[in-house]
Amino acid sequence: MSSQNKLNIFITGPTGYIGGSVLVRLLQYPDSNCFQISALVHSSTKAEKLKTLGIRPVLGSYSDLDLLTREAAEADFVITMTDSDALPPAAAILAGMKQRHVKTGTIPKLIHTSGVAFVMDNAMGMHGDHPVYSDLDIDAIEAVPDTQFHRNVDIPIIAADKEGYLMSYIIAPANVFGTPTGALVDMGIQNEHSFQLPIFYKIAISRKQGGYIGAGKNILPAVDVNDTADLFLLLFNAIRSNPENVAHGREGIYFAANCEYTGYEIAKAISEALVDLGIGSSPEATSFTKAELKLYFRNLWPLLAPTCRPRADRSRALGWKPHHGKDALLASVKPEVEYFFSKVGVNKYTNSCPIAYNSRL
Ligand SMILES: NC(=O)c1ccc[n+]([C@@H]2O[C@H](COP(=O)([O-])OP(=O)(O)OC[C@H]3O[C@@H](n4cnc5c(N)ncnc54)[C@H](OP(=O)(O)O)[C@@H]3O)[C@@H](O)[C@H]2O)c1
(Lines give C-alpha, C1' and ligand atoms only; values in the text may rest on other atoms or scores of the structure.)
Protein backbone atom coordinates (compact mmCIF):
# COMPACT_ATOMS: atom_id res chain seq x y z
CA MET A 1 0.00 0.00 0.00
CA SER A 2 1.42 3.39 -0.93
CA SER A 3 2.03 5.77 1.94
CA GLN A 4 -0.59 8.13 0.44
CA ASN A 5 -3.37 5.59 1.00
CA LYS A 6 -2.43 4.69 4.52
CA LEU A 7 -4.40 5.71 7.59
CA ASN A 8 -2.32 8.40 9.23
CA ILE A 9 -2.34 7.98 12.98
CA PHE A 10 -0.62 10.53 15.22
CA ILE A 11 -0.14 9.50 18.82
CA THR A 12 1.33 11.29 21.81
CA GLY A 13 2.74 9.55 24.88
CA PRO A 14 3.79 6.43 22.91
CA THR A 15 6.26 5.26 25.54
CA GLY A 16 3.98 5.86 28.52
CA TYR A 17 2.46 3.32 30.86
CA ILE A 18 -0.84 3.59 29.00
CA GLY A 19 0.48 4.89 25.66
CA GLY A 20 3.04 2.11 25.19
CA SER A 21 0.36 -0.49 25.87
CA VAL A 22 -1.89 1.12 23.26
CA LEU A 23 0.93 1.42 20.72
CA VAL A 24 1.83 -2.25 21.09
CA ARG A 25 -1.75 -3.17 20.31
CA LEU A 26 -1.86 -0.85 17.30
CA LEU A 27 1.26 -2.57 15.96
CA GLN A 28 -0.41 -5.96 16.42
CA TYR A 29 -3.59 -4.85 14.69
CA PRO A 30 -4.58 -7.22 11.85
CA ASP A 31 -4.19 -4.58 9.12
CA SER A 32 -1.52 -2.51 10.81
CA ASN A 33 0.36 -2.49 7.50
CA CYS A 34 -2.34 -0.01 6.40
CA PHE A 35 -1.27 2.44 9.13
CA GLN A 36 1.34 5.13 9.10
CA ILE A 37 1.90 5.72 12.79
CA SER A 38 3.63 8.95 13.77
CA ALA A 39 4.53 9.27 17.44
CA LEU A 40 5.58 12.31 19.44
CA VAL A 41 8.60 11.43 21.52
CA HIS A 42 10.93 13.71 23.44
CA SER A 43 13.87 11.36 23.73
CA SER A 44 16.10 10.80 20.70
CA THR A 45 17.12 7.37 22.00
CA LYS A 46 13.49 6.30 22.23
CA ALA A 47 12.84 7.84 18.79
CA GLU A 48 15.54 5.66 17.23
CA LYS A 49 14.12 2.55 18.86
CA LEU A 50 10.58 3.36 17.73
CA LYS A 51 11.87 3.61 14.16
CA THR A 52 12.84 -0.05 14.28
CA LEU A 53 9.16 -0.87 14.85
CA GLY A 54 8.15 0.96 11.68
CA ILE A 55 6.96 4.04 13.52
CA ARG A 56 7.71 7.53 12.31
CA PRO A 57 9.03 9.32 15.38
CA VAL A 58 8.22 13.00 15.75
CA LEU A 59 10.98 14.33 17.94
CA GLY A 60 9.66 17.12 20.11
CA SER A 61 7.85 18.12 23.23
CA TYR A 62 4.17 18.25 24.13
CA SER A 63 4.80 21.94 24.61
CA ASP A 64 5.91 22.43 20.96
CA LEU A 65 2.53 23.75 19.93
CA ASP A 66 3.33 24.48 16.26
CA LEU A 67 4.68 20.98 15.88
CA LEU A 68 1.54 19.48 17.40
CA THR A 69 -0.67 21.50 15.06
CA ARG A 70 1.39 20.46 12.03
CA GLU A 71 1.29 16.79 12.91
CA ALA A 72 -2.40 16.82 13.79
CA ALA A 73 -3.12 18.50 10.45
CA GLU A 74 -1.68 15.46 8.68
CA ALA A 75 -3.58 12.85 10.70
CA ASP A 76 -6.79 10.94 10.10
CA PHE A 77 -6.66 9.75 13.67
CA VAL A 78 -5.08 11.34 16.73
CA ILE A 79 -4.65 9.54 20.05
CA THR A 80 -3.41 11.70 22.94
CA MET A 81 -1.93 9.89 25.95
CA THR A 82 0.48 12.43 27.43
CA ASP A 83 -1.28 14.84 29.73
CA SER A 84 -5.00 14.94 30.54
CA ASP A 85 -4.83 18.47 31.88
CA ALA A 86 -2.61 20.47 29.53
CA LEU A 87 -4.89 22.75 27.56
CA PRO A 88 -2.44 24.52 25.17
CA PRO A 89 -1.25 21.24 23.56
CA ALA A 90 -4.82 19.99 23.30
CA ALA A 91 -5.86 23.28 21.68
CA ALA A 92 -2.92 23.07 19.26
CA ILE A 93 -4.00 19.56 18.25
CA LEU A 94 -7.59 20.70 17.78
CA ALA A 95 -6.34 23.55 15.56
CA GLY A 96 -4.42 21.07 13.40
CA MET A 97 -7.41 18.78 13.10
CA LYS A 98 -9.55 21.73 12.06
CA GLN A 99 -7.02 22.57 9.36
CA ARG A 100 -7.22 19.00 8.09
CA HIS A 101 -10.99 19.14 7.94
CA VAL A 102 -10.94 22.44 6.04
CA LYS A 103 -8.34 21.17 3.61
CA THR A 104 -9.71 17.68 2.93
CA GLY A 105 -13.40 17.82 3.90
CA THR A 106 -12.88 14.66 5.95
CA ILE A 107 -13.71 14.41 9.65
CA PRO A 108 -10.65 13.30 11.59
CA LYS A 109 -11.07 11.35 14.80
CA LEU A 110 -9.59 12.14 18.21
CA ILE A 111 -9.28 9.72 21.12
CA HIS A 112 -8.16 11.69 24.16
CA THR A 113 -7.06 10.25 27.49
CA SER A 114 -8.76 11.94 30.41
CA GLY A 115 -9.37 10.40 33.84
CA VAL A 116 -12.31 9.58 36.09
CA ALA A 117 -11.29 12.21 38.65
CA PHE A 118 -13.92 14.60 37.27
CA VAL A 119 -16.53 12.56 39.16
CA MET A 120 -14.67 12.42 42.47
CA ASP A 121 -15.68 14.12 45.70
CA ASN A 122 -13.73 15.51 48.64
CA ALA A 123 -14.19 12.63 51.10
CA MET A 124 -10.75 13.17 52.67
CA GLY A 125 -10.69 9.49 53.55
CA MET A 126 -13.72 9.73 55.81
CA HIS A 127 -16.47 8.01 53.81
CA GLY A 128 -17.42 6.10 50.69
CA ASP A 129 -20.80 7.72 50.41
CA HIS A 130 -20.74 9.31 46.96
CA PRO A 131 -23.03 8.77 43.98
CA VAL A 132 -22.13 6.26 41.33
CA TYR A 133 -21.62 7.88 37.93
CA SER A 134 -22.35 5.87 34.81
CA ASP A 135 -20.60 6.91 31.61
CA LEU A 136 -24.03 6.57 29.99
CA ASP A 137 -25.43 9.30 32.24
CA ILE A 138 -24.18 12.32 30.35
CA ASP A 139 -26.53 14.73 32.14
CA ALA A 140 -24.98 13.75 35.47
CA ILE A 141 -21.46 14.12 34.09
CA GLU A 142 -22.26 17.53 32.61
CA ALA A 143 -23.67 18.61 35.97
CA VAL A 144 -20.27 18.31 37.65
CA PRO A 145 -18.56 21.69 37.99
CA ASP A 146 -16.35 22.75 35.08
CA THR A 147 -13.60 23.16 37.65
CA GLN A 148 -13.40 19.41 38.31
CA PHE A 149 -10.19 17.70 37.17
CA HIS A 150 -9.70 17.21 33.43
CA ARG A 151 -12.80 19.19 32.43
CA ASN A 152 -10.58 22.11 31.35
CA VAL A 153 -9.44 19.97 28.41
CA ASP A 154 -12.42 17.66 27.95
CA ILE A 155 -14.91 20.51 27.50
CA PRO A 156 -13.09 22.20 24.57
CA ILE A 157 -12.61 18.80 22.93
CA ILE A 158 -16.33 18.09 23.15
CA ALA A 159 -17.03 21.60 21.82
CA ALA A 160 -14.80 20.87 18.81
CA ASP A 161 -16.84 17.76 18.10
CA LYS A 162 -20.01 19.82 18.30
CA GLU A 163 -18.54 22.31 15.83
CA GLY A 164 -18.23 19.37 13.46
CA TYR A 165 -14.64 19.43 12.28
CA LEU A 166 -13.69 16.28 14.20
CA MET A 167 -15.25 13.43 16.12
CA SER A 168 -14.08 13.16 19.71
CA TYR A 169 -13.92 10.18 22.05
CA ILE A 170 -12.72 10.58 25.61
CA ILE A 171 -11.41 7.59 27.53
CA ALA A 172 -11.34 8.23 31.28
CA PRO A 173 -9.33 5.61 33.17
CA ALA A 174 -9.57 4.91 36.88
CA ASN A 175 -6.35 4.35 38.88
CA VAL A 176 -4.41 2.13 36.55
CA PHE A 177 -2.45 -0.83 37.91
CA GLY A 178 -0.76 -3.91 36.48
CA THR A 179 2.19 -4.74 34.30
CA PRO A 180 2.46 -3.76 30.67
CA THR A 181 4.12 -6.23 28.31
CA GLY A 182 5.23 -6.21 24.70
CA ALA A 183 7.82 -4.84 22.33
CA LEU A 184 8.31 -1.47 24.01
CA VAL A 185 8.85 -3.06 27.42
CA ASP A 186 11.26 -5.56 25.86
CA MET A 187 13.19 -2.65 24.33
CA GLY A 188 13.28 -0.87 27.69
CA ILE A 189 11.52 2.25 26.42
CA GLN A 190 8.11 2.05 28.12
CA ASN A 191 7.15 3.25 31.59
CA GLU A 192 6.13 0.08 33.40
CA HIS A 193 4.61 1.69 36.49
CA SER A 194 1.60 3.77 37.21
CA PHE A 195 1.42 7.05 39.09
CA GLN A 196 -1.08 7.28 41.90
CA LEU A 197 -0.84 3.92 43.64
CA PRO A 198 2.99 4.09 43.72
CA ILE A 199 2.74 7.29 45.77
CA PHE A 200 1.32 5.16 48.58
CA TYR A 201 3.89 2.41 47.99
CA LYS A 202 6.78 4.88 48.24
CA ILE A 203 5.47 6.54 51.36
CA ALA A 204 4.81 3.18 53.01
CA ILE A 205 8.36 2.05 52.24
CA SER A 206 9.68 5.18 53.93
CA ARG A 207 7.55 4.65 57.10
CA LYS A 208 7.86 0.83 56.86
CA GLN A 209 4.11 0.49 57.17
CA GLY A 210 1.08 1.06 54.95
CA GLY A 211 -0.75 4.30 55.60
CA TYR A 212 -4.15 5.70 54.75
CA ILE A 213 -5.67 9.16 54.84
CA GLY A 214 -8.39 9.97 57.39
CA ALA A 215 -10.35 6.83 58.22
CA GLY A 216 -9.33 5.07 54.99
CA LYS A 217 -13.02 4.71 54.12
CA ASN A 218 -12.92 6.48 50.78
CA ILE A 219 -13.71 4.26 47.79
CA LEU A 220 -11.56 4.47 44.68
CA PRO A 221 -11.85 2.83 41.26
CA ALA A 222 -9.13 0.85 39.53
CA VAL A 223 -8.42 -0.78 36.19
CA ASP A 224 -5.64 -2.93 34.79
CA VAL A 225 -3.32 -1.32 32.24
CA ASN A 226 -3.80 -4.07 29.65
CA ASP A 227 -7.57 -3.93 30.05
CA THR A 228 -7.32 -0.16 29.60
CA ALA A 229 -5.34 -0.50 26.39
CA ASP A 230 -7.84 -3.07 25.14
CA LEU A 231 -10.56 -0.45 25.50
CA PHE A 232 -8.60 2.00 23.34
CA LEU A 233 -8.28 -0.60 20.60
CA LEU A 234 -11.89 -1.72 20.87
CA LEU A 235 -12.97 1.88 20.45
CA PHE A 236 -10.48 2.49 17.63
CA ASN A 237 -11.79 -0.58 15.83
CA ALA A 238 -15.43 0.41 16.31
CA ILE A 239 -14.76 3.93 15.01
CA ARG A 240 -12.98 2.58 11.96
CA SER A 241 -15.74 0.06 11.25
CA ASN A 242 -18.71 2.34 11.64
CA PRO A 243 -18.18 5.77 13.18
CA GLU A 244 -21.85 6.68 12.92
CA ASN A 245 -22.70 3.94 15.41
CA VAL A 246 -20.15 4.97 18.01
CA ALA A 247 -21.03 7.60 20.60
CA HIS A 248 -18.83 10.70 20.24
CA GLY A 249 -18.78 14.30 21.42
CA ARG A 250 -20.79 14.94 24.58
CA GLU A 251 -21.86 11.30 24.65
CA GLY A 252 -18.47 9.95 23.71
CA ILE A 253 -17.15 9.47 27.23
CA TYR A 254 -15.86 5.99 28.02
CA PHE A 255 -14.85 5.10 31.55
CA ALA A 256 -12.15 2.47 32.05
CA ALA A 257 -12.93 1.20 35.54
CA ASN A 258 -13.39 -2.36 36.72
CA CYS A 259 -13.11 -2.64 40.52
CA GLU A 260 -13.11 -0.60 43.69
CA TYR A 261 -10.94 -0.48 46.79
CA THR A 262 -10.84 1.59 49.94
CA GLY A 263 -7.90 3.62 51.18
CA TYR A 264 -7.64 1.22 54.11
CA GLU A 265 -7.66 -1.93 51.97
CA ILE A 266 -4.74 -0.85 49.84
CA ALA A 267 -2.79 0.35 52.90
CA LYS A 268 -3.36 -3.00 54.62
CA ALA A 269 -2.17 -4.90 51.53
CA ILE A 270 0.94 -2.70 51.49
CA SER A 271 1.65 -3.39 55.18
CA GLU A 272 1.34 -7.13 54.58
CA ALA A 273 3.69 -6.87 51.59
CA LEU A 274 6.22 -4.94 53.68
CA VAL A 275 6.14 -7.64 56.37
CA ASP A 276 6.55 -10.39 53.74
CA LEU A 277 9.51 -8.53 52.28
CA GLY A 278 11.15 -8.14 55.68
CA ILE A 279 10.81 -4.35 55.63
CA GLY A 280 7.86 -3.86 57.97
CA SER A 281 7.00 -5.41 61.30
CA SER A 282 3.22 -4.96 61.49
CA PRO A 283 0.68 -6.23 58.94
CA GLU A 284 -1.74 -3.53 60.12
CA ALA A 285 -2.06 -0.15 58.42
CA THR A 286 -2.30 3.17 60.24
CA SER A 287 -3.79 6.55 59.47
CA PHE A 288 -1.24 9.19 58.52
CA THR A 289 -0.64 11.68 61.32
CA LYS A 290 -1.01 15.38 60.61
CA ALA A 291 2.78 15.69 60.51
CA GLU A 292 3.00 12.84 57.99
CA LEU A 293 0.31 14.36 55.77
CA LYS A 294 2.35 17.56 55.64
CA LEU A 295 5.63 15.74 55.11
CA TYR A 296 4.50 13.40 52.38
CA PHE A 297 1.69 15.26 50.63
CA ARG A 298 2.13 18.94 51.55
CA ASN A 299 -1.34 20.43 51.15
CA LEU A 300 -2.34 17.99 48.41
CA TRP A 301 -3.47 15.11 50.61
CA PRO A 302 -7.24 15.64 50.08
CA LEU A 303 -6.70 14.96 46.36
CA LEU A 304 -5.40 11.52 47.22
CA ALA A 305 -8.35 10.49 49.39
CA PRO A 306 -11.57 11.23 47.52
CA THR A 307 -14.38 8.83 46.86
CA CYS A 308 -14.87 8.28 43.14
CA ARG A 309 -17.34 5.75 41.79
CA PRO A 310 -17.46 5.56 38.00
CA ARG A 311 -19.24 2.74 36.16
CA ALA A 312 -18.00 1.80 32.69
CA ASP A 313 -21.44 0.99 31.27
CA ARG A 314 -20.85 2.62 27.87
CA SER A 315 -17.48 0.92 27.52
CA ARG A 316 -19.00 -2.46 28.37
CA ALA A 317 -21.87 -1.87 25.93
CA LEU A 318 -19.22 -1.37 23.26
CA GLY A 319 -17.98 -4.88 24.08
CA TRP A 320 -15.24 -4.12 26.61
CA LYS A 321 -14.53 -7.14 28.80
CA PRO A 322 -11.84 -6.32 31.35
CA HIS A 323 -10.15 -9.39 32.81
CA HIS A 324 -8.44 -8.10 35.93
CA GLY A 325 -10.37 -7.01 39.02
CA LYS A 326 -9.75 -6.44 42.71
CA ASP A 327 -7.87 -9.72 43.28
CA ALA A 328 -5.39 -8.72 40.59
CA LEU A 329 -5.09 -5.22 42.07
CA LEU A 330 -4.29 -6.58 45.53
CA ALA A 331 -1.93 -9.17 44.05
CA SER A 332 -0.05 -6.39 42.25
CA VAL A 333 0.82 -4.61 45.50
CA LYS A 334 3.67 -6.81 46.71
CA PRO A 335 5.67 -6.89 43.44
CA GLU A 336 5.24 -3.14 43.11
CA VAL A 337 6.42 -2.46 46.66
CA GLU A 338 9.33 -4.82 46.05
CA TYR A 339 10.21 -3.00 42.84
CA PHE A 340 10.26 0.46 44.39
CA PHE A 341 12.17 -0.79 47.43
CA SER A 342 14.73 -2.51 45.21
CA LYS A 343 15.35 0.73 43.36
CA VAL A 344 16.23 2.98 46.24
CA GLY A 345 15.60 1.35 49.62
CA VAL A 346 13.78 3.26 52.33
CA ASN A 347 15.88 6.39 52.44
CA LYS A 348 14.93 8.01 49.16
CA TYR A 349 11.37 8.49 50.30
CA THR A 350 12.16 9.86 53.73
CA ASN A 351 11.82 13.61 54.23
CA SER A 352 10.69 14.07 50.68
CA CYS A 353 7.34 14.56 49.11
CA PRO A 354 6.73 11.69 46.68
CA ILE A 355 3.77 13.44 45.10
CA ALA A 356 5.98 16.37 44.19
CA TYR A 357 8.54 14.69 42.01
CA ASN A 358 8.07 13.47 38.48
CA SER A 359 10.53 10.65 38.68
CA ARG A 360 9.03 7.19 38.39
CA LEU A 361 11.30 6.29 41.29
N1 LIG B 1 -1.74 6.00 35.11
C2 LIG B 1 -2.93 6.26 35.63
O3 LIG B 1 -3.33 5.71 36.68
C4 LIG B 1 -3.85 7.21 34.93
C5 LIG B 1 -5.21 7.25 35.33
C6 LIG B 1 -6.07 8.15 34.69
C7 LIG B 1 -5.59 8.99 33.71
N8 LIG B 1 -4.27 8.92 33.35
C9 LIG B 1 -3.80 9.85 32.33
O10 LIG B 1 -3.31 9.15 31.21
C11 LIG B 1 -2.24 9.87 30.61
C12 LIG B 1 -1.05 8.93 30.48
O13 LIG B 1 -0.75 8.42 31.75
P14 LIG B 1 0.43 7.39 31.98
O15 LIG B 1 0.26 6.80 33.33
O16 LIG B 1 0.56 6.50 30.80
O17 LIG B 1 1.66 8.40 32.03
P18 LIG B 1 3.19 8.18 31.64
O19 LIG B 1 3.58 6.77 31.82
O20 LIG B 1 3.95 9.21 32.39
O21 LIG B 1 3.24 8.51 30.09
C22 LIG B 1 3.35 9.81 29.59
C23 LIG B 1 3.88 9.75 28.18
O24 LIG B 1 4.00 11.07 27.69
C25 LIG B 1 5.37 11.35 27.38
N26 LIG B 1 5.67 12.71 27.74
C27 LIG B 1 5.65 13.24 28.98
N28 LIG B 1 5.96 14.56 28.94
C29 LIG B 1 6.20 14.83 27.64
C30 LIG B 1 6.58 16.01 26.95
N31 LIG B 1 6.77 17.18 27.58
N32 LIG B 1 6.75 15.94 25.61
C33 LIG B 1 6.56 14.77 24.93
N34 LIG B 1 6.20 13.62 25.54
C35 LIG B 1 6.01 13.66 26.88
C36 LIG B 1 6.18 10.34 28.16
O37 LIG B 1 7.44 10.13 27.55
P38 LIG B 1 8.71 9.71 28.46
O39 LIG B 1 8.33 8.44 29.14
O40 LIG B 1 9.81 9.54 27.48
O41 LIG B 1 8.93 10.85 29.40
C42 LIG B 1 5.27 9.13 28.06
O43 LIG B 1 5.40 8.56 26.77
C44 LIG B 1 -1.97 11.07 31.52
O45 LIG B 1 -2.62 12.18 31.02
C46 LIG B 1 -2.62 10.67 32.83
O47 LIG B 1 -3.07 11.77 33.58
C48 LIG B 1 -3.40 8.05 33.92
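The values are calculated or read from the model by the stated rules, or taken from the named source; none is laboratory data. Source: prediction; values computed, not measured. Cβ placement follows ideal geometry from the backbone for every residue including glycine, while neighbour counts extend to all protein chains displayed.
Tabulated results
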{"item": "Test: residue in the range 240-257 that is among the β-branched types (Val, Ile, Thr), touching a residue at least 60 places away in the same chain (Cβ under 8 Å) and away from the ligand (no atom under 16 Å from the Cβ)", "result": "yes"}
{"item": "Strands (runs of 3 or more DSSP E) (entirely within the range 23-119) containing at least 1 residues that are modelled with pLDDT of 95 or more and touching a Phe, Trp or Tyr at 6+ places or on another chain (Cβ under 7 Å)", "result": "35-41, 77-80, 109-113"}
{"item": "Failed item in (1) closer than 18 Å to residue 22 by Cα; (2) more than 9 Å from the ligand (Cβ to nearest atom), with residue 44 passing the rest", "result": "(1)"}
{"item": "Residue count, the range 191-226 (criterion: within 16 Å of the ligand (Cβ to nearest atom), out of contact with any strand residue (DSSP E or B) (no Cβ under 7 Å at 6 or more places or on another chain) and among the charged types (D, E, K, R))", "result": "2"}
{"item": "Test: residue 139 is away from the ligand (no atom under 16 Å from the Cβ) and either part of a helix (DSSP H, G or I) or among the aromatic types (Phe, Trp, Tyr) (or both)", "result": "yes"}
{"item": "The lone exception for residue 8 - which of (1) closer than 19 Å to residue 183 by Cα; (2) touching a residue at least 60 places away in the same chain (Cβ under 8 Å) it fails", "result": "(1)"}
{"item": "Of all residues making up the range 101-131, the number that are away from the ligand (no atom under 16 Å from the Cβ), touching a residue at least 60 places away in the same chain (Cβ under 8 Å) and closer than 21 Å to residue 167 by Cβ", "result": "4"}
{"item": "Residue within the range 280-296 that is over 18 Å from residue 226 (Cα atoms), surrounded by 14 or more Cβ atoms within 10 Å (Cβ to Cβ), touching a Leu at 6+ places or on another chain (Cβ under 8 Å) and not polar (S, T, N, Q) present", "result": "yes"}
